[in-house]
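Here is the structure we will look at.
Bear in mind these aren't lab numbers, they're just calculated from the coordinates by the rules spelled out. All values derive from a computational prediction rather than experimental measurement. Here the Cβ is made from the backbone with ideal geometry for all residues, glycine too, and neighbour counts use every protein chain on show.
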């Protein structure tokens with residue numbers, strides 16, 4: 001069931017107060033676990049991990065977060081590349097969701113690209129080794145990947161069957177191929193793992209929109225609030241996105257769908273152009289002001305903030321073919337509705353923090 005704009009703020013209030021607990025109870029009844037489901041999340045201390053951990057703990061699942069922050073008592077320490085005491089937590093777990101990988105919001109220098117590659121491949125390999133050694137291996141391994149693996153396009157959308165893997169597009173900078181190489185190696189590391197008793201899925205995720213501080217939505221909304229949320233480089237490039245609630249629901253769907261494996265696109269069925277995306281975000285915030293930026297302005301800004309223009313300029317037009325084929329229903333199909341709900345909840349969260 002998708003929502004209209006009038007219902008979005010009402011739903012956001014329910015989410016904030018935790019009144020959608022009934023939805024989680026229904027999923028639990030379907031799965032029929034005798035004890036609380038145990039979900040282990042390596043690399044789960046970032047935004048995506050927090051989104052999943054909140055949702056799963058509301059359902060009273062046993063969630064174990066593995067990360068590099070040794071001072072956090074709420075998570076198990078690892079280095080992301082070698083077996084250690086952390087591996088015992090995978091033995092007997094129901095699901096492993098590996099999200100580990102260096103943040104891509106940086107300059108694409110040789111050093112940073114190597115760190116992005118190594119952090120993803122090394123962590124995936126060692127998770128595979130831990131599963132292979134487990135006496136009671138998890139029945140499902142969900143491995144983070146990215147929708148960036150697909151080619152830059154303004155044409156037909158990419159699904160898992162007919163989509164084109166990127167790297168050799170003639171109309172884009174050659175160095176953009178590095179992101180595709182990293183994504184391909186990332187998925188290959190999972191495919192190479194010897195885990196015959198564990199179902200494996202690569203999550204080719206689009207940008208996950210949540211109102212959390214520091215996340216991509218928070219950053220885009222900041223630009224909008226400052227009057228800078230306008231069209232970039234013509235605005236023809238597509239943005240693939242997914243609302244955090246649909247992201248969690250898609251993960252739950254994959255946990256239950258015993259026959260699904262391989263690469264799965266985790267994205268709304270309706271990607272929009274950057275021009276449309278920011279126009280809807282401005283509308284949700286209640287402003288008409290959004291200064292445009294040319295490509296060269298984006299290049300300069302990216303250099304100054306130590307980021308890379310590919311994150312903004314690459315056209316990612318990705319659709320969730322396999323999810324739709326297997327009956328998954330999105331709650332937030334329309335970006336305007338999703339943006340309105342997220343803005344409403346962002347305001348409520350900030351008001352609560354300032355109270």
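Which value at 222 nm does the chain reach when only helices count, each DSSP H run of 4 or more adding -39,500 (n - 2.57), with the total divided by all residues and rounded to the nearest 500 deg cm²/dmol? Display every interim value, and only then the final one.
Working: 12 runs with 150 residues, N = 355.
Calculated from helices alone, the mean residue ellipticity at 222 nm is -13500 deg cm²/dmol.
Length available on full extension from residue 354 to residue 289: 0.36 nm per residue minus the Cα-Cα distance, which gives 20.8 nm.
According to the Cα-based calculation, Rg over Rh for segment 38-178 is 1.02, with Rh computed by the Kirkwood formula.
Working note: Cα atoms of the chain, range along each principal axis, descending, whole Å: 58, 46, 43.
Given their separation in residues at 0.36 nm each and the Cα-Cα distance between them, residue 192 and residue 77 gain 38.9 nm when the chain is fully extended.
Rounded to two decimal places and with Rh computed the Kirkwood way over Cα pairs, what is Rg over Rh for segment 203-355?
Working: Rg = 16.3 Å, Rh = 16.4 Å.
Here the Rg-to-Rh quotient is 0.99.
Projected over all directions and averaged, the alpha-carbon convex hull of segment 73-127 occupies 4.6 nm².
Take each peptide in 341-349, 156-164, count the other Cβ atoms within 10 Å of every residue, and average; sorted highest first, the result is 341-349, 156-164.
Each label point was placed 7 Å from the Cα along the Cα-to-Cβ direction; for residue 139 and residue 164 their separation is 4.0 nm. Between residue 181 and residue 305, the contour length at 0.36 nm per residue exceeds the Cα-Cα span by 42.2 nm.
Out of 172, 272, 64, any idea which swings most in a Gaussian network model of the chain, alpha carbons joined below 10 Å? Checking each option, the largest mean-square fluctuation is seen for 172.
Going by average Cβ neighbours within 10 Å, how do the peptides 289-297, 132-140 rank, with the highest at the top? Numbers along the way, then the final one.
Details: 289-297: 14.2, 132-140: 16.0.
So the peptides 289-297, 132-140, ranked by packing, come out 132-140, 289-297.
Counting only DSSP beta bridges with both residues in the chain, tell me the antiparallel percent, nearest 5. Present the calculation step by step, with values, prior to reporting the outcome.
Details: 3 of 32 bridges.
Taking every DSSP beta bridge within the chain, about 10 percent pair in antiparallel fashion.
Of 45, 307, the sequence from fewest to most neighbouring Cβ atoms within 10 angstrom is 307, 45.
For segment 55-95, the alpha carbon positions stretch 31, 24, 12 Å along the principal axes, listed from largest to smallest.
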